[in-house]
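The structure appears below as structure tokens.
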Amino acid sequence: MSRDPTDREKLSKLDRAIDDSILEASEADLREDFKEAGDDFEKAVARAGRALEQAKARAARMRFERAQDESKAYREQDNVKSFDLAKARCRFDGMRSGEVAESTMAARKGGKLSERDEENLLKDLAQLEALENEDKVEWEE
Amino acid sequence: MGRMTSAERLLVGLGIAEPKDIDLDAIAWTQGAVVNYRPIDNCEATILGSKKRAVISVNSLSMRQRRRFSLGHELGHWHYDRGKVLFCGKNDVCNFRHDALSPERRADDFASDLILPNFMVLPRLRKMKRLTLAASRELADEFDVSLTTTLVKMIALNHFPMVIVCHNRRDRVWYKTSPMIAEWWRPVRALDDQTFAADMLLRGADEQNFPRKNPADAWFDFKGCDRYEVEEQSFLLPDDEILTVLTLPRQAIA
């Protein structure tokens with residue numbers, strides 16, 4: 001047996017119906033509505049466009065500020081809990097030879113890598129694996 | 001203004017509209033890349049990436065502006081070369097040709113557009129009344145980039161009739177001209193003794209506060225160039241090199 005909808009549900013349904021009627025209205029109908037209300041259609045479109053652009057810029061800005069906080073927090077924590085040198089070397093060699101698919105490797109103004117440089121690249125690889133594992137955990141959650 | 005480049009679209013998509021907001025570490029984060037700063041012996045920066053994630057390491061021993069450019073460069077690789085291995089033989093890093101299609105050149109262009117986006121630089125150039133090192137330095141400082149990188153961007157934007165040329169004590173090392181300049185305005189190979197640049201590099205003179213006029217034949221050798229004057233102003237680079245900014249007369253415009 002179905003229950004009567006609550007006031008909130010009724011209001012929400014009404015809200016959706018108004019939105020739908022606006023979205024489904026033809027341009028001619030909208031022009032007519034604006035004319036009746038004594039408003040200029042072109043100016044209203046420009047106003048809505050500007051508001052949309054401002055909202056997009058504000059949202060982008062908020063996303064970027066969140067990214068600034070997250071990247072700062074990431075730098076401040078210990079990002080590699082364990083480091084398996086042999087495993088990292090195996091993956092590094094596989095990436096370099098092209099055996100590991102979807103690998104990206106590049107260096108700017110490089111010469112022959114020193115022993116320390118190569119060791120640090122292996123640490124970067126361990127860090128990359130930690131990031132991938134974090135993504136996997138988030139995906140599973 | 002022309003079409004936006006990939007790097008510029010990235011900035012706009014993140015709501016970045018002012019030079020002070022070009023936070024490259026955070027931009028990298030939005031692209032799935034994290035950044036480490038540590039001493040690197042034999043290169044400026046590296047990137048290791050998988051499908052969605054990347055780790056970029058930047059040489060902490062380099063100057064701040066160079067570190068920014070290097071990070072922008074690696075982000076360029078992440079944008080254009082994802083899934084490619086640009087290292088070659090064991091322990092070595094490839095040296096690609098530096099033509100327009102080379103991955104290194106493309107990554108450099110991406111970096112230049114990321115740290116000096118045209119849509120922010122051009123309005124400032126339009127307000128620059130005269131091409132001087134002081135005005136160029138002000139621009140470089142605002143964007144937190146090197147003076148050389150700034151001048152290269154100014155050349156690309158084709159706003160002033162200018163040439164930049166780098167010399168060492170023996171020879172011309174490299175030069176760039178604004179696209180508007182006729183192709184025969186190519187600076188001579190050896191630094192002419194009558195230039196202010198030679199005074200600085202060879203005889204230890206101080207940097208000039210303003211561009212100084214000199215006969216064009218001190219810098220060029222095409223027939224009839226002695227009819228013109230150019231303005232020159234130079235600054236010293238590391239490794240005993242000097243970079244000169246030449247402002248050319250309107251007759252040099254093609």
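The values are calculated or read from the model by the stated rules, or taken from the named source; none is laboratory data. No experiment lies behind these values; they were computed from the predicted model shown. All Cβ positions, glycine included, derive from the backbone under ideal geometry; neighbour counts span all protein chains shown. Note: areas computed on protein heavy atoms with side chains; ligands, DNA, RNA excluded. Shrake-Rupley method; radii C 1.70, N 1.55, O 1.52, S 1.80 Å.
Computed values, structure above
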| read-out | value |
| --- | --- |
| Candidates B:GLU104, B:GLU142, B:GLU138, filtered to the one that is under 25 Å from B:ARG3 (Cα atoms), among the acidic types (Asp, Glu) and at pLDDT 95 or above | B:GLU142 |
| Hits in segment B:21-41 - residues which are within 22 Å of the chain's Cα centre (by Cα) and touching a residue at least 12 places away in the same chain (Cβ under 8 Å) | B:ILE22, B:LEU24, B:ASP25, B:ILE27, B:ALA28 |
| Members of segment A:92-101 found to be more than 7 Å from chain B (Cβ to nearest Cβ), of a type in the set (A, V, I, L, M, F, W, C) and assigned to a helix (DSSP H, G or I), listed by number | A:PHE92 |
| Selected residue (only one of B:MET120, B:MET180, B:MET154, B:MET162 is over 25 Å from B:LEU11 (Cβ atoms), open to solvent by less than 10 Å² (accessible area, probe 1.4 Å) and not charged (D, E, K, R)) | B:MET162 |
| Members of segment A:69-88 found to be open to solvent by 50 Å² or more (accessible area, probe 1.4 Å) and within 7 Å of chain B (Cβ to nearest Cβ), listed by number | A:GLU70 |
| Residue count for segment B:1-53, restricted to those that are more than 7 Å from every other protein chain (Cβ to nearest Cβ), of a type in the set (Ser, Thr, Tyr) and within 30 Å of A:PHE92 (Cα to Cα) | 2 |
| Test: A:ALA28 is surrounded by 10 or more Cβ atoms within 10 Å (Cβ to Cβ) and without any contact (Cβ under 8 Å) to a residue 12 or more places away in the chain | no |
| Subset of segment B:123-144 (residues that are farther than 24 Å from B:ARG67 by Cα, of a type outside the set (D, E, K, R) and not in a loop (DSSP other than H, G, I, E, B)) | B:PRO123, B:LEU125 |
| Residue list for segment B:123-134, restricted to those being closer than 16 Å to B:LEU243 by Cα, among the hydrophobic types (A, V, I, L, M, F, W, C) and surrounded by 15 or more Cβ atoms within 10 Å (Cβ to Cβ) | B:LEU131, B:LEU133 |
| Residue within segment A:102-121 that is surrounded by 13 or more Cβ atoms within 10 Å (Cβ to Cβ), in contact with a helix residue (DSSP H, G or I) (Cβ under 6 Å, 6 or more places away or on another chain), more than 7 Å from chain B (Cβ to nearest Cβ) and at pLDDT 80 or above present | no |
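To keep it simple, each residue is scored yes or no on (1) part of a loop (DSSP other than H, G, I, E, B); (2) hydrophobic (A, V, I, L, M, F, W, C); (3) open to solvent by 50 Å² or more (accessible area, probe 1.4 Å).
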position	(1), (2), (3)
A:ARG3	yes, no, yes
A:ASP33	no, no, yes
A:ALA46	no, yes, no
A:GLY49	no, no, no
A:ARG61	no, no, yes
A:CYS90	no, yes, yes
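Conditions (1) surrounded by 15 or more Cβ atoms within 10 Å (Cβ to Cβ); (2) modelled with pLDDT of 95 or more, marked per residue:
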| site | (1), (2) |
| --- | --- |
| B:HIS167 | yes, yes |
| B:ARG172 | yes, yes |
| B:ALA190 | no, no |
| B:GLU232 | yes, yes |
| B:LEU236 | no, yes |
